[in-house]
1. Averaging over all projection directions, find the projected area of the Cα convex hull of the range A:125-212 and quote it in nm² with one decimal place.
2. With an 8 Å cut-off on Cα pairs and a minimum separation of 6 or more residues, tell me the relative contact order of the range A:120-184 in percent.
3. How many Cβ atoms of partner chains, on average, are near each residue of B:57-65 if near means within 10 Å of its Cβ?
4. Mark the label point 7 Å from the Cα of B:SER282 along Cα→Cβ and return the residues of the range B:245-275 whose backbone N is within less than 20 Å of it.
5. Once amide H atoms are placed 1.01 Å from N in the peptide plane, what residues at a sequence separation of 5 or more from A:GLU114, or on another chain, have their amide H within under 5 Å of its amide H?
6. How far apart, in nm, are two points set 7 Å out from the Cα along the Cα-to-Cβ line at B:ASP63 and at A:ALA59?
7. So the label point sits 7 Å from Cα along the Cα-to-Cβ vector; using that for B:GLU283, what distances do you get to the other copies, in nanometres, sorted shortest first?
8. What is the set of long-range amide H partners of A:TYR157 at a cut-off below 5 Å, with H atoms built 1.01 Å from backbone N?
2 protein chains.
Amino acid sequence: MSLSALLPLFHSTETLESDSQTKKVSLLGTINGKNAILQLEKRPFDSKACIPNSNIIQAQSNDVYFWGTGSRSTEDSGDKQTTDSAGCKINLIYPASAAHIAKYRKHPLHMVIETPKAYQKIVRPYIETQKGDRLSWVRNILYHGQEVESCVKDSSYILLPDMKWDGVAIDSLYLVAIVYRNDIASIRDLKQGDIPYLEAIRDSILENVPTKYPIARDQLRLYVHYQPSFYHFHIHVVNANYTGLGQTILAGKAILLEEVIESLKILGEDGFSKKTITYGLSESHDLWNLGMKDYTQ
Amino acid sequence: MSLSALLPLFHSTETLESDSQTKKVSLLGTINGKNAILQLEKRPFDSKACIPNSNIIQAQSNDVYFWGTGSRSTEDSGDKQTTDSAGCKINLIYPASAAHIAKYRKHPLHMVIETPKAYQKIVRPYIETQKGDRLSWVRNILYHGQEVESCVKDSSYILLPDMKWDGVAIDSLYLVAIVYRNDIASIRDLKQGDIPYLEAIRDSILENVPTKYPIARDQLRLYVHYQPSFYHFHIHVVNANYTGLGQTILAGKAILLEEVIESLKILGEDGFSKKTITYGLSESHDLWNLGMKDYTQ
C-alpha cells in the first residue's frame, strides 16, 4: 500500500492537535476500519515565486499599511492553472521607510553575559535615557485610563490584554500586568525586600485571571523580560501551552516570575544588581553598539 | 490604491526574513520605484477539509510509517478546479496503536512548583526507575561508538547532532553534549563543587563547535532541561536565533547553562537539591499522576 492508495480511504474522526502557528494538524481517523494518524504541515514559501497573484482581497488599509488575503496561481506546462486555494495572509507596507525596513530585516542575535559591572557601565546609563517622555504611554494607562478594556485593576498593578493578543483565542491568551511602582525599571532594581510585594502581585494575578477568562491558574506562565522592551516593571501572563512568541518567551530572554522570587531569596539584600545575567541581544538593539558587544559569550 | 492593484506592481529585491517554522516570509521590493515591504504568511489548515487528494507523492515508507507530499484540490461552484500548489508535507501512521494516538494527542501543560521536599518524595524515586536499561542507548553512544557522526569527543563529554536536526541547516543547528559522568541524573544532582567541571565543558563546547560548523560562539544557546527527557546529564546546544523548538526551549523548561552555573555560585554547597524549581509539566508525563499534580502553581 502506498500513500496515494491509502489517503482516499482515510476517514477523519478527531483532530488530535492543530497548531495555527506552525500550520500543522494531526488527525485521527480510520482506514479500512483500523485507526490511522494523519499529520499535515504546510510547506514554507519559495521566496522566488510566492507573490500572490489571484483572489486578492483587501481586508483593510490605513496610511501606508494594507492587509488582506490572496493566493498564488501557476501555469504548468500543459497550460493547466493551479491555485493555492488555502492561500495566505498578506501585509503590505507602501511606501516603506528606512525604519520600516530595519524593523523587518532579520538581525542576528548574540548571547551576551551582563556582569554587574557591565550593567553599571553600559546598561544603567542607557536605561536612564529610556525614561521620561518615552514612558508617557505607560502613565496614560496607569493614571488616565487610556486602555478601556483593562481586565483587572488592583492597588498595585493594572492587567490588560497585550497588543499581540487578538483578545479572543484562549489558546494564545496574552496579558500584561503593569505595576504602579515607578522605581523598578527592570529586574536589576529588585531587592530582597521586594519579595512580599512580588508574591502579592503573583497571587493576585493567579487568583483574578481565571475569574475573567476560562483558564486555570496552573495554566498561566508568568514571566518578565531582560532586557524588557520598556523600562517600567511589567509581568507577562501567557497561556502556558502557547509557544508562538518567538524569542520573547525563550530561556535567555524570559525569566519566570517564580524564578525571580526564588533568586531574590538567595541573592542577598542587594538582589539582582549583584547578579550576572546571560541573554540574547539583537545587533539592532541600542545596547549592542553602546558596548554590550564587548560582553559576548 | 488597493492591494489587488499594488501587488502586481511589486518587484522583489531582497528577502528580509524567511521562517520555515511559521511559514512566513518578509520581502523587500519596489512599487513604482518606491520601497515596499511585503509580508506573507500561510493560512492554517481548515481541519474539516484538508486531507490531500491530489499530487500525492510518497517519499518513503517503513513499517507503519508513510511520508511524502501532496496537495488539496477543491471544485468551486463553476466546476473550476483549484489546487493548493504549494502543498503540504504528509505523515501517515497506519495502523496506529493506542500508544501512537496518546503520543499525538495534545495534553495540557500545568505549571508545577517542585520544592526540595516534592523532589525527595516524588521525583527522586521516579528518576531511579528511569535508570538502568532505559539508559543503555546512552552508554552505547558513550562507550560503544553507536553514533558515527559524533562531532566532538572530549574527555568529559561527547557532542553529537540532535535527532531533531536535519544535520544541514545551520539556521536550526541543534547539537547535544552527553557527559561521561554518570552520577548526574539531572540538575538536582549538581553541587557547588561541580562549577569548575561545568565551566570546562561550557568552554570546550563554545571553542569546538565553531571549528566544526559555520557559527560564532556567541550565537550558541546552551541550556539544560528540567525535567529532562532522559536522566543522564546532557546539554542542548542550539543556534541562538532558532525559535522552532516548541515548549522545549521556553522559560519553564529550558535553563541556560550559564544560569545553572550562576545559581550554583549562590545556592550553597548542596546546590540544586535545595532549590524550588517551577516548570511546565504535561498531564501525559508519569510525574503528573505520581503526585506532581498536587504541586500545581
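1. 6.8
2. It rounds to 22 percent for the range A:120-184.
3. The per-residue average across the peptide is 2.
4. Residues B:245-255 qualify, since their backbone N sits under 20 Å from the label point.
5. A:ILE277, A:THR278, A:TYR279
6. Computed distance between label sites B:ASP63 and A:ALA59 equals 4.3 nm.
7. Those separations, rounded to one decimal, come out as 4.6 nm.
8. Amide H neighbours of A:TYR157: A:TYR180.
Each reported figure results from applying straightforward, stated rules to the coordinates on display, with no laboratory input. Quantities reported herein were computed from a predicted structural model and do not represent experimental measurements. All Cβ positions, even for glycine, are placed from backbone atoms using ideal geometry, and neighbour counts span all protein chains on display.
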